[in-house]
Amino acid sequence: MVRLKGYLIPGTILSLTSMFAVPKGDTDIRLVYDGTKSGFNKAVWAPWFPLPTIEAHLRSVRPGSYMGDIDMGDMFLNFMMHPKMQAHAGVDLTPFFPEELGIKQTIWVHWGRCGMGFRFSPYQAVQGALFAEEYIRGDPKDPENILGWEAVMLNLPGSESYDPSESWVRKVKTNGDLANDFLIYVDDVRSIGNTLEEARAVARVVASRLTYLGLQDAPRKRRDASQTPGAWAGSIVWTINGQVCVSASQERWDKAKAMIKWMTDSISLGTTINFKQLESHRGFLIYLVRTYPAINPYLKGIHLSLDSWRPWRQDDGWKMTLAEINTAMALKADSHDVEPVGCGEKAPRLVSWVPRFPDDVEALTALFASPTPPQRSMRLSASATAIYQFGDASGSGFGSSLIIDGEVFYRHGQWSTTFSKESSNFRELANLIHAIEDAYDKGLLFNAELFVFTDNSAAEGAFYKGTSPSRKLFDLVLRLRKLQMSGGLTVHVIHVAGKRMIAQGTDGLSRGITTAGVMSGLSFGSFVPLHLDAFQREGSTPELAAWVLGWTGPHRVMVPADWYCHNWSTLTCVWTPPPSAADVCLDMLGKTIHMRPTSNLHVVIVPRLMTSRWRKTLGKICDLVFTVPIGTDIWPSSRFEPLLVGIAFPLSRHKPWRLRRTPLLESVEGLLRKLPLSSSRWGGSLLRELLLQARSLESMSESLVRPLLQAPGQK
């Protein structure tokens, strides 16, 4: 079929690629063309790029929305392979068409399209789909556009108008209704409308414009709009009974349960486990994380076990630090054994599972105990409330405060002798979870979204990473995760600075002081600025804006409407989302860079709050990420938490093409870390010089650029 469609074409062949089949459902196969064995994939490069998540889908629906599905046929094969690469992507068809042999003893052709199995194919195909998406969306201000919208509304926690029943960021029409939308996950298109007629109209527009662009529509796979559609990107979204719910299919749920049982059985058989089988199961469970984020922390034991064979690993599976590696090398040198244990390029058939693996599998068993996949309620009812809670444990005491419907509740006391002997990290998280359970038992958390603030980063980490050296603490976190899994409670744990905890008054509660901060009448909301971006928090002192202008030069500040619809220019783009909307902003920035990777310099500035939602993505998108500490002349101590700043440079024409982790950026990062707080216009001159140097690289010769972008000895 690929030959008949002209995807394989005759021409000069410099290298051949092999092929193999993988199952596609129960009755079909997918041919994968192996560009690895021939060395083809090693000779090409493709940047990291984001894909839409189920969270992006949820921002576009509300109770009663209709959703349909369109499938783009031959996804990768819709897009042309660069002519310079085609000769290296040859295919030997001789065994399949012996009847065509004549004077020629072989039938060799090469790819003219992006085949499955080539390293660059996903990047190029998704990039092409993004340009198609931009065309399909058209002018958002056109009143005849079924996909048009008037404004981007922010409904963020921390603001007085926050409504837990609505999405945090959404596009709306002129009449205030949620805008119709569509999303593309590789080749799966989800059309969304407020009514059945609107959803069908969206599907017609998307399908017709895809076809106009030459992207195939596979009508046999199309599903009509419904409030209970099938899976998209691995998750099922339903919008019935006044709710928005997410779940997995029964088939996927049963398959996950079987995988976890296999892990349990393997643990009982010994200290090793089959690498290939565990790796396959991990991939499937990672896919399920999109639907059930609560399971993510308990995959860490699987990750560490799969990497336990690699060199320079500790007994618990974690990588050794540089100091530990140097010590180990010195010991091995003394024993004349310089080959690190596990040093090899290929994983063994069996690997040793790490100490935390059994606990993680036990947690997964508990989370998957239900015979049917649970439905996570993603929208609370219209009567839901947002509750903000601070908790702190200092020395022998503990305290917590929360506000419900404008009324402040607080609790404080002294630890028992048993608890006082536990570590401070244990007491911090135990205090938070006990406070949540206490409020839940009193009925204060019914139909509520809870935002929990702590000044202990280890407590926040234990909640999101799921494990702790303490078995008792492990059980506490697991109990809370099970509550989340069932949809009974929505909880966000947020790390804040200790000085914010002191100013808010909860730090005093742990010492028995009940007349400080919010307990004395100060506004509770003033201590939870999750809805304010860095410039909004700056108020009447524009030092931050002047600092940004000083090193970026003329730039454009990207307001929420710009996240979704860009008026392109060559100016530097400065993205300053509020912490609670930073994940949405970075999703859109990732798409922007994927579409036009060589066009603009992008700068992201976010106060360090709610980082569990967006910090990892920031590090992937940006080439340089640094912290502006509090106490500088551009970000005073009254802001409590520092600023995180990321810079994404355009791709360079010089190897390694992306400036991330190059000597140039690493040297600047090191200098920024050493800057004293008293520096005038903190770091501005360094950053200005960096940007000027980066912009000059494209006009420099390879020999001059190499020392800046490549470490000594790097090829």
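The values are calculated or read from the model by the stated rules, or taken from the named source; none is laboratory data. Model, not experiment: these values are computed from the prediction. All Cβ positions, even for glycine, are placed from backbone atoms using ideal geometry, and neighbour counts span all protein chains on display. These accessible areas exclude ligands, DNA and RNA; they are computed on the full protein's heavy atoms, side chains included. Shrake-Rupley method; radii C 1.70, N 1.55, O 1.52, S 1.80 Å.
Things to note:
- For region 149-172, a residue qualifies if it is open to solvent by 40 Å² or more (accessible area, probe 1.4 Å) and in contact with an Asp or Glu (Cβ under 9 Å, 6 or more places away or on another chain), and exactly one does: 153.
- Restricting attention to region 606-618 and to residues that are surrounded by fewer than 21 Cβ atoms within 10 Å (Cβ to Cβ), outside any loop (DSSP other than H, G, I, E, B) and touching a residue at least 12 places away in the same chain (Cβ under 8 Å), the residue that is farthest from the chain's Cα centre (by Cα) turns out to be 611.
- Condition broken by residue 626, with the remaining ones in (1) farther than 30 Å from residue 455 by Cα; (2) within 26 Å of the chain's Cα centre (by Cα); (3) not aliphatic (A, V, I, L, M) satisfied: (1)
- Annotation: residue 43 fulfils all but one of (1) touching an Asp or Glu at 6+ places or on another chain (Cβ under 9 Å); (2) exposed (fewer than 14 other Cβ atoms within 10 Å of the Cβ); (3) small (Gly, Ala, Ser); the unmet one is (1).
- Condition check for residue 669: exposed (fewer than 13 other Cβ atoms within 10 Å of the Cβ) and not in a loop (DSSP other than H, G, I, E, B): no
- Inside region 71-124, residues that are open to solvent by less than 70 Å² (accessible area, probe 1.4 Å), in a helix (DSSP H, G or I), over 30 Å from residue 51 (Cα atoms) and among the aromatic types (Phe, Trp, Tyr) make up a count of 0.
- Selected residue (only one of 625, 574 is open to solvent by less than 20 Å² (accessible area, probe 1.4 Å), of a type outside the set (Ser, Thr, Tyr) and not in a helix (DSSP H, G or I)): 574
- Checking each residue in region 546-571 for being surrounded by 13 or more Cβ atoms within 10 Å (Cβ to Cβ), within 27 Å of residue 150 (Cα to Cα) and more than 23 Å from the chain's Cα centre (by Cα) picks out 555, 556, 557, 571.
- Lone unmet requirement of (1) basic (Lys, Arg); (2) assigned to a helix (DSSP H, G or I); (3) modelled with pLDDT under 90 for residue 655: (2)
- Residue ID - least open to solvent (accessible area, probe 1.4 Å), chosen from residues in region 174-213 that are assigned to a loop (DSSP other than H, G, I, E, B) and more than 19 Å from residue 57 (Cβ to Cβ): 176
- Whichever residue in region 495-518 is in a helix (DSSP H, G or I) and of a type in the set (A, V, I, L, M) and, among such residues, is nearest to the chain's Cα centre (by Cα): 501
- Filtering 136, 146 for residues that are over 30 Å from residue 532 (Cβ atoms), part of a loop (DSSP other than H, G, I, E, B) and among the aliphatic types (A, V, I, L, M) leaves a single hit, 146.
- Subset of region 673-692 (residues that are under 12 Å from residue 551 (Cβ atoms) and either among the polar types (S, T, N, Q) or in contact (Cβ under 8 Å) with a residue 12 or more places away in the chain (or both)): 681, 682, 683, 684, 685, 686, 687, 688, 690, 691
- All positions within region 633-643 that are open to solvent by 10 Å² or more (accessible area, probe 1.4 Å) and at negative phi: 633, 636, 637, 638, 639, 642
- A residue that is surrounded by 19 or more Cβ atoms within 10 Å (Cβ to Cβ), at pLDDT below 95 and of a type in the set (Gly, Ala, Ser) occurs nowhere in region 256-267.
- Within region 101-123, being in contact (Cβ under 8 Å) with a residue 60 or more places away in the chain and of a type outside the set (Phe, Trp, Tyr) holds for 109, 110, 112, 113, 115, 116, 117, 119, 122.
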